[in-house]
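Reading through the structure tokens given below for one structure.
Coordinate-derived values only; no laboratory data. None of the values given here were measured: they were computed from a predicted structure. Neighbour counts are summed over all protein chains in view; Cβ atoms, including those assigned to glycine, are modelled from backbone coordinates with ideal geometry.
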Amino acid sequence: MRATRTTAAIAVLALLAAACGGSTPTTQPASGDTAQASTPASEPASEAASTAASPDAGASGEASPPANTPIPIGGSTAAPGQTEIRWYCCLGGGDAPEQVDVEKRVVEKFNQSHDKIHVTFEAVPYAGANDALATEIASGNGPDIVGPVGIGGANAFHGQWLDLAPLIQQNSYDLSGFPPDAVQTYKLDEGQVGIPFAIYPSVLFYDKALFDEAGLNPPPHAYGDKYTMPDGSKVDWTYDTVKQIAKILTVDKNGKDASQDGFDASNIVQWGFEPQRDDLRGMGAYFGGGSLVGADGKTAQIPDPWKAAWSYWYDSMWKDHISMTGPVYSSPDINPQDYPFFTGKVAMSENFLWSTYGLGDLKEDWDMGIVPSYKGKVTAAFNADTFRILKDTKHPNEAFEVLTYLLGDAAPDLLGAYGGMPARTAQQQAFFDSQDQTFTQKPDWNVAVQGIQYADQPNFESYMPAYNETLGLVGSGGKYTTKWQTEQGLDMNAEFESLRSEIQAIWDKQ
Amino acid sequence: MTAISRPARARQAADRPRRRRLSPLARREAFWGYLFISPWIIGFLVFVLGPMIASLLFTFTNINLAQETPLAFVGLKNWQTLLGDGQAWAALGVTFRFALLQLPVIIALPFILALALNSKYLKGQGLFRVLFFLPYVIPFVSGVLIWQGMLNLETGWVNMALRWLGVENPPNWLNDSAVIYPALVMIGVWGIGAGIIVNLAGLRGIPTELYDAAKIDGAGFWGALRHITLPMMSPVIFYTLVLAIVDVLQYFLVPLVINNGTGEPSGSTFFFNLYLYKNFFTYQNMAYGATLAWLLFLVTLVVSLLVFRSSRRWVYYAGER
Amino acid sequence: MASGVGRLEAVAAGGELAGVTRSRRSLRPRRPRDAVKSFALTFAIVAVLAAFLSPMVRSALVSLKTPDQLSETNAPLLPSLPRQLEYQGKSVDIYVVPMPDGSSRQLALVKPGRTQSTFVDPADPALAPIVWQGAWRTLDRAWQLAPAWQNYVDVWNLIDFPRLLFNTVALALISMVGTLVSCTLVAYGFARFRFPGRSLLFTILIATIFLPGAVTIIPTYTMFAKLGWVGTWLPLLVPTFFANAFDVFLIRQYFLTIPREMDEAAAIDGAGPFRTLVSVILPQAWPAIIAVAIFHLVYAWNDFFNPLIYLSTRPELQPLAVGLQRFNGIHYRNPAYVQAGTLMTMLIPVVLFLVFQRVFTRGVVITGVDK
């Protein structure tokens, strides 16, 4: 009896001991480093926490090529004496496996050429990117650099960004290569939070094959040019014109188009027009720049051009049938990649230049035309990505060095992978030339360059109170964004008022 | 708090007179009891208790990610806000309404299927068990993607089947508040493999002699079900019930992915835990998110205590004392 | 597999509900009524199963399509591509075109138009083009079966599948051992021993699952970051050795259904509590233990957020659940890769279940106890 009891007690204790050193067996399969495997787990780990450089881990991480890096116990991969800079990726784009490969190569190159700084790349899939970053920041274990991140993506973490102005001055970083407007874009209430990197002006993508099939002239390629209608008349390139020809380009399964009698709206196989429907603010901005925030900074308003844009879109879906309705849009059998233009079943699509990432599937059939005008004025909504530094970073100088590397030496590789047009004017032609190797039909990049001067002012992604909560109404997949796509027969004016009052209610809580 | 196993205690008290001091025998038993549960106690103290207390403390502070005003204790302010927060109470209502549909299905269906899969009349039991188990293994997000395809108004297989059966205007499952709950239950039922396993394990534990005896007494299928299977399975059903309640009160992931967490259509998927999650991670207001979480904790605790209290009427433990 | 089940079943006595053994059934003549019941039940289960598994069929079909094929309207169910012809440097689709004489021919559409279109004969494209009057969209395309097996190869390579699979297996198995051992011991403690504060402690145990996980993530992460465990497997493994409420609860419930007579008999024979657990309780509790093993395995296999936050800086340590999400980005999305990866990921848990499912087979015969 006593023997059994002792045995049992020892067994339980052994179990607990095993649990405490639970990592030990895990290090063995991949690591040949026995010294490391036998080290008690918590010791080097806490060292790693305090100095961000665990001797064990560092030695093993540096000594061998990345392909067979042993599994270290400590969390850091930096060698002793090195400063670890963590680059957190993928709040927006940049998380596709091919892009991650390029990013890893960029990091490797940096680490090979720098002794003092070790960059650790943190590629978090989009599905968990926001939550993971919030967790890390709230836990005081935030990364140093975040990006690529857009204006809106960064506003989701408003108040977390470092003002780069002192570092720019201290390092005499040259900003003269950028258009001054682009630098100004990142000068916000938080300070100069970014240096321009990639810019994405809007264009009107169109599918040449579908225009040919319908016997229509392609959209104009230069701002100010008129469009030649099928009857030979020349008209202004307005949203009304777009709607008119989009109807001809919207076809049912019997081959009838939306301008003809007997068109079967329940069996559409090709659509004429696809707006940028991620964010209601962006969609509104194509009809004119504006803001939901009134002059006093706390009154909700809806700019008139935005109302016009939203009504235009709503009618495009439910009345004119030139755009996919919500259920069609969300069908994985019709729109598997979440952007209908990629499928070759949409004739025209207004979007940012970053959409080129999926255009390879269209082969040589696509090109870019100018964004149409509303009430005689062109507004081409504008997007931009860059890398930012978190204000809690413990190593701002080193982080800035890595940042300038990403924006400088690494920029051509990264911009190529992201499909991002360089903000530096001098690098743009080289970028277009490299894109032409993918898109051999040589699309008219000049359309995109022209679009920059029609950028929306203020930018539609500018900060507003309770940014993330408000986005739940108007952002991608937001309440109203979804509702208008799925419900027919709404009174849009009533919708606008109810949206405005919901926004106001959120802001009033602040 | 102690209500949970009061029946055990009551029975204990009846067995023998209560003593203030434990006898040496009882002390030895207690020693073994503590020893066996010690892994959990250590783990609880080391890994669980700290974060729980921290999150409780959050509810009395203004902690948030941006922290534009300095971190400070704000007393009961968050709790006061909660009292006047119509959205939170509406979300709790949504959660309970959904529970009314979800709970019976998620408890009964695995039980019935487990009975069928355990029946001597079924050929190829092993194969069927594996097939019913399959979807349970599918990672959550992939599963939701599949169901978005299945339930699409235009091209989904469910509606294609309904059209084939002659339904002219099949429902818009994911965008119509009238049918969204059945749609969500359908998605939930897909992971039924776990429930089937628990029930099969329970059925497996019923001594077959009991059925032989019942047969001799002339009991048929229903008699055996009522007098043997259900009582003997009651501890397992009790377990599935408690877990299903906890699950449904914390339900939010499917609508978070399917409807982007907007609560659409018409607020019908604005579940309490969704609101909580959004406050915590999307609006980055950790203080209020934690307050919501502790409210949910209290609600769950009350509901569970009621269930535990009721259990002494219907749960039969062959090995309890 | 069925024969294996039969063999095991042979040791069990049959009940009305618990499956009767195959060998026993073969000993007696089968009654026609049983055959009807058997057919009806099997048929019903097959019907339920067909509906139940149709989403998986869909998943499998999606996994075999290219993005082009996914968006192809009116395509056949199986992954197919329209037959195509290389014509003047471009790929053109082949359609089934009705001819004026009532026959139909497979022709390649070289110049589509709204009212008339131009076709060529794919057999001899050099022949004079054929102009056809009508709307080409009403024509059926000539399909050919074209499953994109390449998707599986792509997934394997793009996310370094073998490496992530190794991580997943290691994480799942180690934490499964931890869970099984610790939860069994704790459940045994709660089910079989009386000690002061037992019901309070049990209530606390169950209550730990009442608090939604979201709110403890940040304090928990902070703790592990302070310990220096972020970037290692430790936060995912160590806590599993200290039991969890879900599994303790299940095992405890099961232990409580086991009559105490056998424990007491063992105790009289001089067995200590530990031996009683191993030699009396465990042999009867296998179904619950296996159930917990499966639940934990599946949980660990698919857990996304915990590995994500603890291993975000160490992609080479991540499990498959994290890797698969790379195909589901905001701008970059490939449903076929997601489904192909899912099916590949499922393989091992399903095989393990296949091996262990027989433990759920029949009712037990309790021996050694006079009832």
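Please give me the summed charge of the neighbours of A:VAL102: other residues whose Cβ is under 13 Å from its Cβ, Lys and Arg +1, Asp and Glu -1.
For residues surrounding A:VAL102, the net value is -3.
How much length is gained if the chain between A:ASP236 and A:ASP163 is pulled fully straight, taking 0.36 nm per residue apart and subtracting their Cα-Cα distance, in nm to one decimal?
Full-extension gain reported as 21.8 nm.
Would you mind giving the mean number of other chain beta-carbons within 10 Å of the Cβ of each residue in C:53-63, as a whole number?
Whole-number average of other-chain Cβ neighbours for C:53-63 is 5.
Give the Rg/Rh ratio for segment A:98-183, taking Rg as the radius of gyration of the Cα atoms and Rh as the Kirkwood radius, to two decimals.
For segment A:98-183, the value is 0.98.
P(r) of the protein assembly as shown in 20 Å steps, Cα pairs, percent per bin?
Answer for the protein assembly as shown: a P(r) of 10, 37, 35, 15, 2, 0 percent.
If you take every DSSP beta bridge whose two residues both sit in the protein assembly as shown, what share of them, in percent to the nearest 5, is antiparallel?
Antiparallel: roughly 80 percent of the beta bridges in the protein assembly as shown.
Under the classification rounded if a/c is under 1.5, otherwise prolate if a/b is larger than b/c and oblate if not, where does chain C fall, given a ≥ b ≥ c as square roots of the Cα gyration tensor eigenvalues?
It is oblate, given that a/c is not under 1.5 and a/b is not larger than b/c.
For segment B:21-163, calculate the relative contact order in percent as a whole number, restricting contacts to Cα pairs under 8 Å that are 6 or more residues apart. Display every interim value, and only then the final one.
Working: 40 pairs, mean separation 10.7, N = 143.
Relative contact order comes out at 7 percent.
Using a Förster radius of 60 Å, what is the FRET efficiency between B:LEU230 and A:GLN170 based on their Cβ-Cβ separation? Nearest 0.05, please.
It comes to 0.20.
With an 8 Å cut-off on Cα pairs and a minimum separation of 6 or more residues, tell me the relative contact order of segment B:84-314 in percent.
26 percent
Shielding of C:184-193 by partners, i.e. mean partner chain Cβ atoms within 10 Å per residue?
6
Cα to Cα, under 22 Å, and not fewer than 8 places away if on the same chain: which lysines meet these conditions relative to A:LYS253?
Leaving aside lysines fewer than 8 places away in the same chain, those within reach of A:LYS253 are A:LYS208, A:LYS243, A:LYS319, A:LYS345, C:LYS111.
Assign one of three labels to segment A:283-426, namely rounded, prolate or oblate, based on the Cα gyration tensor with a ≥ b ≥ c the square roots of its eigenvalues; rounded applies when a/c is under 1.5, prolate when it is not and a/b is larger than b/c, and oblate otherwise.
Oblate, since a/c reaches 1.5 and b/c is not below a/b.
So how far, in whole Å, is the C-alpha centre of segment A:292-320 from the one of segment B:224-248?
Between the Cα centre of segment A:292-320 and that of segment B:224-248, the gap is 54 Å.
Quick one: if the Förster radius is 35 Å, what FRET efficiency do A:LYS363 and C:GLN144 give, using the C-beta to C-beta distance and rounding to 0.05?
That gives a FRET efficiency of 0.95.
In whole Hz, what ³J(HN,Hα) sequence does segment C:270-282 give by Karplus (6.51, -1.76, 1.60; θ = phi - 60°), x for Gly and Pro?
Rounded to whole hertz, the list is x, 6, x, x, 5, 5, 4, 4, 6, 9, 10, 6, 4.
Only Cα pairs under 8 Å and at least 6 apart count here; give the relative contact order of segment C:80-145 as a rounded whole percent.
Worked out over segment C:80-145, it gives 33 percent.
Of the listed peptides B:143-149, C:282-288, A:147-153, what is their order by residue-averaged count of other C-beta atoms within 10 Å, with the highest listed first?
Packing proxy ranking, top to bottom: A:147-153, B:143-149, C:282-288.
Starting from the Cα-Cα distance between A:ALA494 and A:GLN437, subtract it from 0.36 nm times their residue separation and give me the gain in nm to one decimal.
On the way: separation 57, 0.36 × 57 = 20.52 nm, distance 4.96 nm.
Roughly 15.6 nm would be gained on extension.
So what is the 222 nm mean residue ellipticity for chain C from helices alone, if each DSSP H run of at least 4 adds -39500 (n - 2.57) and you divide by all residues, rounding to the nearest 500 deg cm²/dmol? It would help to have the intermediate numbers written out before the result.
Values: 16 runs with 198 residues, N = 371.
Helices in chain C give a 222 nm mean residue ellipticity of -16500 deg cm²/dmol.
Let me make sure I get this right: for segment B:84-314, a, b and c are the square roots of the gyration tensor eigenvalues over alpha carbons, sorted descending. Under 1.5 in a/c it's rounded, otherwise prolate if a/b > b/c, else oblate. Which is it?
Since a/c reaches 1.5 but b/c is at least a/b, the shape of segment B:84-314 is classed as oblate.
Per-residue Cβ counts within 10 Å, from other chains only, averaged over B:44-54: what number is that?
Per residue, the average neighbour count from other chains is 6.
Which loop trypsin sites (Lys or Arg not before Pro) in segment C:113-150, with loop taken from DSSP, have no more than 10 other Cβ atoms within 10 angstrom of their Cβ?
Values: sites: C:ARG114, C:ARG137, C:ARG141; in loops: C:ARG114.
Passing both the DSSP loop test and the Cβ count: no residue.
Report the calculated FRET efficiency for B:LEU162 and A:LYS391 (r = Cβ-Cβ distance, R0 = 35 Å), to the nearest 0.05.
About 0.05, to the nearest 0.05.
Summing -39500 (n - 2.57) over the DSSP H runs of n ≥ 4 in chain B and dividing by its residue number, what mean residue ellipticity at 222 nm do you reach, to the nearest 500 deg cm²/dmol?
-20000 deg cm²/dmol
If each residue of separation counts as 0.36 nm, what is the full-extension length gain between A:ASP212 and A:ASN446 once their alpha-carbon separation is subtracted?
Once the chain is fully extended between A:ASP212 and A:ASN446, it gains 82.0 nm.
In sequence order, what are the phi-derived ³J(HN,Hα) couplings for segment A:216-225 according to the Karplus relation 6.51 cos²θ - 1.76 cosθ + 1.60 with θ = phi - 60°, rounded to whole Hz, with x for glycine and proline?
After applying 6.51 cos²θ - 1.76 cosθ + 1.60, I find 9, 6, x, x, x, 10, 10, 4, x, 5 Hz.
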